[in-house]
Structure formats: structure tokens, C-alpha cells
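Input: a single structure, listed below in C-alpha cells.
The values are calculated or read from the model by the stated rules, or taken from the named source; none is laboratory data. Computed from a predicted model, the values in this text were never measured in an experiment. Cβ: placed from backbone, ideal geometry, glycine included. Neighbour counts: every protein chain shown. Heavy atoms of the whole protein, side chains included, go into the accessibility calculation; ligands, DNA and RNA do not. Shrake-Rupley method; radii C 1.70, N 1.55, O 1.52, S 1.80 Å.
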Amino acid sequence: MHLFFSITHAEMVYYYHPPESPLDVRYNYHWSILKASLDATTKKYGAYSLKAGVFMTEERQLRELSKRNSKLNIMIRETNKEFEKRFLPIRIPIDRSLISYRVLLIDKKNKDLFKNINTLEELKKFTFGQGAGWGDVDILKLAGFKVKTEVYYDKIFEGLLKGDYVAFPRSVTEVVDEIEKRKDKMPDLMIEENILLYYPLPTYFWFAKNEHGRKLRARVKEGIDIIQQNGAFERLFDQYYKTQVSALKLRKRKLFKIVNPLLPDATPLSNKKLWVDINNF
């Protein structure tokens with residue numbers, strides 16, 4: 001008599017944060033990277049499912065990720081010293097830190113204000129809009145910028161057109177979609193054509209600092225390593241960003257660099273393959 005045993009894996013469930021509105025497509029690429037990494041590890045780890053949690057602002061996501069039995073167990077956020085103490089990151093910039101490059105979203109009536117800007121000090125005379133709790137806020141304030149915040153993502157665009165601030169710095173990975181999705185209802189929104197900001201803002205997948213979080217993290221890390229090696233990571237990056245970012249003509253813009261003093265020492269800045277070269281656009 002022969003006995004056969006089979007080893008089955010319990011389905012791994014990843015609860016992610018859904019878009020903040022029907023117009024919010026900021027993380028479509030990131031979740032595609034997550035799915036590709038999980039697909040690449042199915043043979044070893046078994047089945048998985050991706051489930052959208054309830055709507056949460058970015059500040060609430062930070063609170064929820066640490067809770068036991070929370071409907072959020074994976075998060076996309078920039079790194080900083082505080083987060084690395086509280087959570088478990090995968091220190092691979094998901095978008096190769098392309099998010100670190102920023103153009104200004106403005107009201108068309110204000111486009112001439114920026115034509116002759118040549119220094120950061122000249123830029124600092126303007127008030128910038130940002131989301132409450134976003135990593136950019138402290139970086140900009142520490143650099144001497146005036147920043148006004150809004151809790152809800154869609155409201156930031158409305159505040160710009162109401163004149164609450166003169167510019168809304170947006171990542172080059174986000175701004176083309178944001179303009180396109182609002183062009184009918186907000187035709188006065190435009191992308192300023194001369195300025196490019198840079199502050200290093202590597203954005204990671206984050207997990208709770210507990211046993212379950214470590215298991216979820218281990219699978220995603222292995223999957224990302226696989227898709228980086230087989231080329232799937234780069235193909236997704238190009239699919240989502242190559243055409244859109246090329247349209248922004250980054251190399252023709254005036255580049256202003258801003259220091260990010262909140263970067264942890266563990267940030268893999270020396271690993272050049274993890275970081276984008278904008279000359280490729």
C-alpha cells in the first residue's frame with residue numbers, strides 16, 4: 001500500500017488601497033508590477049488574490065497597515081526615516097524613482113509667471129498645492145517653499161483653479177493622465193512648459209512589521225527579482241510611461257534640484273540599475 005501526500009498552499013490575499021476617485025489612475029502601473037511578481041511566484045507559493053480594501057486617504061493607510069486584521073496589508077508610499085522604523089519595505093523603487101521628477105500643473109492664466117524663472121529662490125515666491133500627509137509636503141517645506149494642503153485628491157485640482165495656490169507639482173508619471181481625465185470639466189488646467197523639479201522620492205511596496213507582513217513581503221520581493229531578470233519589469237515600465245513622459249520633453253526644461261533630508265541611510269542610491277535615466281526619454 002502506497003500513501004501519497006500533497007502539499008497545498010493557502011491562498012495568499014493581498015489587500016491593497018483602491019483609487020481615491022474614478023479619475024485616480026496613479027497606481028495602475030504599480031499594481032501591474034505587483035500582479036506580475038505574484039504570477040511569477042505561483043509555482044513556489046501557490047494561489048493568490050488581490051482585493052481592494054475600502055477607500056482610505058494616505059494618512060489613514062499608515063494607520064491601517066499596522067492594525068491586526070486590517071483590510072490593508074500592502075501599501076505604496078515613498079520612503080522616509082519614520083516609515084522604515086514602522087513598516088517593512090521592499091527597497092526597490094517601483095517606478096525606478098521616475099516619480100522624483102516633477103512638472104508644475106497650473107492654471108492657463110498663470111503660464112507667463114513661470115517663463116523667466118531661473119532660480120529656486122524665484123520659485124519659492126509661489127505657493128504650491130499638495131495632498132495632506134503626502135511625502136512631498138515636508139520636503140518642500142524644509143526647502144523653504146510655501147505649501148497649502150488639501151485632504152482629498154480631487155479637491156487639489158479644484159483648489160488650483162480657485163487660486164488657493166499657483167502651482168501643483170506633479171510627477172511626470174502622473175500628470176499626463178491627470179490632465180487627460182479632467183480636460184472636459186477643467187479645460188484651464190495645463191502643464192507648465194519650462195520647469196522640471198527633482199527631489200529623490202523612491203517609492204516602495206510596504207508591509208506590516210509582523211510575521212504575516214514578512215511572508216507577504218518575501219513573495220513579492222522574489223517575484224520582483226524574477227521579473228527584473230526576465231525583462232517583464234522593464235516592459236511594463238515602458239508600456240505605462242515611455243510615450244507619456246517623452247511628450248513632456250524633460251531634457252528641454254530647466255532642472256531644479258531639491259534636497260530630500262528625509263531619505264534613510266538604507267536607500268539603495270548606489271545601485272544605479274534601480275534608478276531611471278531621464279536621458280532615455
When the range 234-259 is checked residue by residue, the ones that are more than 16 Å from the chain's Cα centre (by Cα) and either among the aromatic types (Phe, Trp, Tyr) or outside any helix (DSSP H, G or I) (or both) are 247, 248, 249, 253, 254, 255, 256, 257, 258, 259
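Has the range 113-121 got at least one residue that is touching a Ser or Thr at 6+ places or on another chain (Cβ under 9 Å), in a helix (DSSP H, G or I) and open to solvent by less than 30 Å² (accessible area, probe 1.4 Å)?
Filtering the range 113-121 down to residues touching a Ser or Thr at 6+ places or on another chain (Cβ under 9 Å) leaves none.
Checked against the condition, which is being touching a Ser or Thr at 6+ places or on another chain (Cβ under 9 Å), in a helix (DSSP H, G or I) and open to solvent by less than 30 Å² (accessible area, probe 1.4 Å), the range 113-121 yields no hits at all.
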Counted residues in the range 227-261 being open to solvent by 50 Å² or more (accessible area, probe 1.4 Å) and not hydroxyl-bearing (Ser, Thr, Tyr) come to 17
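Can you tell me which residues in the range 99-112 are part of a helix (DSSP H, G or I) and buried (at least 20 other Cβ atoms within 10 Å of the Cβ)?
Quick first cut of the range 99-112, residues part of a helix (DSSP H, G or I) only: 99-100, 108-112.
Hits for the range 99-112 are 99, 100.
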Taking the range 44-98 and keeping only residues that are among the polar types (S, T, N, Q), closer than 22 Å to residue 227 by Cα and exposed (fewer than 14 other Cβ atoms within 10 Å of the Cβ), one is left with 49
Within the range 19-30, restricting to residues that are part of a helix (DSSP H, G or I) and open to solvent by less than 40 Å² (accessible area, probe 1.4 Å), the one that is nearest to residue 204 (Cα to Cα) is 30
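Identify the residue in the range 35-63 that is β-branched (Val, Ile, Thr) and closer than 15 Å to residue 24 by Cβ and, among all such residues, is farthest from the chain's Cα centre (by Cα). Break it down stepwise before answering.
Of all residues in the range 35-63, those β-branched (Val, Ile, Thr) come to 41-42, 54, 57.
Okay, now just the ones that are also closer than 15 Å to residue 24 by Cβ, so 54, 57.
Details: 54: 19, 57: 14 Å.
Per the stated criteria, the residue is 54.
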Across (1) closer than 20 Å to residue 232 by Cβ; (2) in contact (Cβ under 8 Å) with a residue 40 or more places away in the chain; (3) in a helix (DSSP H, G or I); (4) under 18 Å from the mean Cα position of the chain (by Cα), residue 83 clears everything bar (1)
How many residues of the range 262-280 are open to solvent by 70 Å² or more (accessible area, probe 1.4 Å), touching a residue at least 24 places away in the same chain (Cβ under 8 Å) and part of a loop (DSSP other than H, G, I, E, B)? The answer is 1
